[in-house]
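Asker: Can you read through this structure? Questions will come right after.
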Number of protein chains: 2
Amino acid sequence: MAEKLANSPSSTRQQILRAAEAAVLAKGFSGTSIDELIAEVGISKSGFFYHFRDKAMLAQALIERYVEEDGEILSGIFAEADTLSEDPLHSFLIALKMLAKLFEDLPATHPGCIVASVCYHEQLFDREVRRLTGEAVLIWRAMIRTRLDRITQQYQLRIDIDLDDLADMLSVVADGGIILSKAVGDKSRLPRQMLLYRDFIRLVFEPRATAAER
Amino acid sequence: MAEKLANSPSSTRQQILRAAEAAVLAKGFSGTSIDELIAEVGISKSGFFYHFRDKAMLAQALIERYVEEDGEILSGIFAEADTLSEDPLHSFLIALKMLAKLFEDLPATHPGCIVASVCYHEQLFDREVRRLTGEAVLIWRAMIRTRLDRITQQYQLRIDIDLDDLADMLSVVADGGIILSKAVGDKSRLPRQMLLYRDFIRLVFEPRATAAER
DNA sequence: GTGGTACAGTACCGGCGGTACAGTTGAAGG
DNA sequence: CCTTCAACTGTACCGCCGGTACTGTACCAC
């Protein structure tokens with residue numbers, strides 16, 4: 001009652017979203033009931049529908065929140081890596097190691113990616129939600145592509161590969177690594193895969209041994 | 001006693017499984033209603049529960065079927081690749097190209113992987129189902145690991161990497177590639193990622209350029 | 001004191017997963 | 001020809017869940 005944050009406009013809404021995200025990642029969207037969410041948050045059904053018109057709007061808010069947070073984490077890591085090395089390749093390699101460490105330091109197996117979860121429920125969502133997820137992946141691609149382009153200005157590609165594909169592969173390894181971790185019940189598998197992607201980047205860009213050529 | 005007849009003992013069951021697989025991949029497990037399955041197959045609810053004790057048993061049958069079929073496809077590709085090259089590395093590279101072509105030739109975006117779908121619904125399933133999915137991934141790993149081990153007998157690893165991780169990466173790229181394809185609505189993204197994995201294999205194993213060293 | 005925000009309470013609807021059980025059909029086997 | 005059994009159909013019912021509708025209310029700001 002005397003709590004100050006009680007009237008905070010986002011508090012209850014955020015609590016619902018937090019509970020919903022955990023539940024959706026563990027049980028899928030349609031496996032998550034509104035009743036269990038309101039029970040966990042401690043509100044009434046009316047309270048829920050005050051914040052979200054229906055379950056689809058919850059999904060949309062969930063994705064918007066996830067994409068935003070995820071983007072901040074990724075750009076935060078890249079920014080931090082940039083302070084540690086001027087070299088674009090080394091900076092990227094540092095960022096990948098930090099990402100791997102982030103996954104490694106999780107208390108349990110990675111809870112999952114909302115975007116991936118949505119992709120496996122596509123028919124349940126409207127066009128807007130699917131547009132959001134697609135856009136999110138393209139934003140991630142663009143972020144990484146920018147890094148790769150900067151690298152190519154100082155390093156040669158050892159083989160002919162498409163840089164968009166190479167950029168996409170980070171998301172691919174993350175999503176695939178999460179599934180692998182979940183499937184075998186070994187949380188270390190995700191950071192391991194991320195480090196393998198890092199090895200790929202090293203192999204693709206690093207100079208051809210120490211031998212001075214030409 | 002009852003021999004497998006051309007009639008309906010397995011036919012109806014298979015029809016249910018086929019419809020269920022498509023529906024689960026598109027809408028998730030709990031998003032798939034029994035009513036829609038029986039409507040599509042054209043049987044009654046009693047007919048469904050004659051074949052499956054409950055929805056959980058449908059899930060189990062779905063996974064067993066998927067894992068079996070998937071294993072056959074993969075080992076089929078490897079066997080065919082072996083007839084095309086004696087060299088273990090080249091055979092593996094051929095197999096990866098065939099796998100990429102398989103994905104490329106699909107009429108639409110890859111429908112999805114049941115194992116991945118299950119991983120994003122873990123809390124809905126019992127221990128047996130989760131054991132099955134984990135085992136499936138380990139079988140795939142073992143299949144590929146065998147290939148990689150054979151390669152290492154004739155080729156040197158250019159960098160120090162764990163072969164189990166490298167083997168896992170095929171599943172990772174497949175699952176992640178499927179999600180990428182679905183997210184951006186571009187079916188070509190999955191085969192592209194598979195070819196990128198192939199490039200990684202090439203880089204990791206192929207001899208250090210043509211320069212004879214030492 | 002008026003209005004808006006942020007809920008709680010109550011009642012109700014239809015769909016879905018699941019149960020229970022009785023009845024039907026067609027083919028194989030003795 | 002009769003029995004048996006697999007493979008269903010039909011009917012009735014339960015409880016949970018998503019969703020709707022509407023009323024009520026505590027609290028804060030102006």
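The values are calculated or read from the model by the stated rules, or taken from the named source; none is laboratory data. A quick note: this is a predicted structure, and the numbers were derived from the prediction, not measured. Quick reminder, even Gly has a Cβ in these numbers, built from the backbone with ideal geometry, and neighbours come from all protein chains shown. Note: accessible area is taken over every heavy atom of the protein model, side chains too, but ligands, DNA and RNA are not part of it. Shrake-Rupley method; radii C 1.70, N 1.55, O 1.52, S 1.80 Å.
Asker: Of the residues A:Ala79, A:Ala100, which is within 14 Å of chain B (Cβ to nearest Cβ), under 21 Å from A:Arg202 (Cα atoms) and outside any loop (DSSP other than H, G, I, E, B)?
Answerer: Unique residue meeting the criteria: A:Ala100.
Asker: Find the residue count for region A:19-55, including only residues that are within 14 Å of chain B (Cβ to nearest Cβ), hydroxyl-bearing (Ser, Thr, Tyr) and either within 8 Å of DNA strand C (Cβ to nearest atom) or open to solvent by 30 Å² or more (accessible area, probe 1.4 Å) (or both).
Answerer: 2
Asker: Something else: If you check every pair at least six apart or on different chains, which have Cβ atoms under 6 Å apart with a residue in region B:28-46 that is among the charged types (D, E, K, R) first and a residue that is open to solvent by less than 30 Å² (accessible area, probe 1.4 Å) and near DNA strand D (Cβ under 8 Å from one of its atoms) second?
Answerer: What qualifies is B:Lys45/B:Ile38.
Asker: Okay, moving on. Which condition number in (1) open to solvent by 50 Å² or more (accessible area, probe 1.4 Å); (2) without any contact (Cβ under 8 Å) to a residue 60 or more places away in the chain; (3) of a type outside the set (D, E, K, R) is the one that B:Leu58 fails?
Answerer: Here B:Leu58 clears every test but (1).
Asker: May I ask you to say which residue of A:Arg192, A:Arg158, A:Arg145 is in contact with a helix residue (DSSP H, G or I) (Cβ under 9 Å, 6 or more places away or on another chain) and in a loop (DSSP other than H, G, I, E, B)?
Answerer: Every option except A:Arg158 fails the conditions.
Asker: Shifting gears a bit: Since A:Ile178 meets every condition but one in (1) within 9 Å of chain B (Cβ to nearest Cβ); (2) closer than 25 Å to B:Ser171 by Cβ; (3) over 13 Å from the mean Cα position of the chain (by Cα), which condition does it not meet?
Answerer: Here A:Ile178 clears every test but (3).
Asker: Here is a further query. Here are some conditions: (1) at the interface with chain A (Cβ under 7 Å from one of its Cβ atoms); (2) modelled with pLDDT of 95 or more. B:Thr146 meets all but one. Which one does it not meet?
Answerer: Condition not satisfied by B:Thr146: (1).
Asker: Within 23 Å of A:Tyr120 (Cα to Cα) and surrounded by fewer than 20 Cβ atoms within 10 Å (Cβ to Cβ): which single residue out of B:Gly71, B:Gly112 fits that description?
Answerer: Matching residue, one of B:Gly71, B:Gly112: B:Gly71.
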